[in-house]
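Below is one structure, written out as structure tokens; the observations come after it.
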Amino acid sequence: MDEPISPNSKTNDNPDTDDEIIATLIRDWTEKKIIKEEIQQNKKEVKQIIKETPKPETRILTIESVNTNNTLTAKLNTQTITVSLANNVKLLDRNWKTITFDQLKANDTIRVYGVLSGTTLEASIIRDISIPRK
């Protein structure tokens, strides 16, 4: 074989076999591609949800507690708000990757997109801007 060999790789010096490259590093770019596609899809879905939500507002809240019935108690300035999850709510981290409800923690800062009625905010999108944690 007359193909160039990377300076960071070694070859099998046995003349009786085909050259074999012993790599010192192998990268699988599939995961990065899947994550990139997921992020693009999430952004696209968020735009669609924004179009379909009547009278939506974006609020930045601090989670006080995560309740077992898929609701959150959060602070909006000095007011305590109950955040309920709409059907098909989109849960995202700061990098637009999908997260689960159980990843939300007390004291996390969240950006909630939804409709506020009294002290209840029905969330169509929750983006936890504290995740990923540093």
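The values are calculated or read from the model by the stated rules, or taken from the named source; none is laboratory data. Because the structure is predicted, anything quoted here is derived from the model rather than measured. Cβ atoms come from the backbone with ideal geometry, glycine included; neighbour counts cover every protein chain shown.
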Are there any strands (runs of 3 or more DSSP E) wholly within the stretch 64-131 with 1 or more residues that are basic (Lys, Arg) and surrounded by 15 or more Cβ atoms within 10 Å (Cβ to Cβ), and if so which?
79-93, 109-117, 120-128
Taking ASN42, is it within 17 Å of GLY114 (Cβ to Cβ) and under 17 Å from the mean Cα position of the chain (by Cα)?
yes
Here the qualifying pairs (Cβ atoms under 7 Å; residues six or more apart or on different chains; first in the stretch 43-70 and on the phi > 0 side of the Ramachandran plot; second of a type outside the set (Asp, Glu) and at pLDDT 85 or above) come out as LYS55/VAL115; ASN70/LEU85; ASN70/PHE101
Testing LEU61 on (1) at pLDDT 90 or above; (2) over 16 Å from the mean Cα position of the chain (by Cα); (3) outside any strand (DSSP E or B), one condition comes back false. Which one is that?
(3)
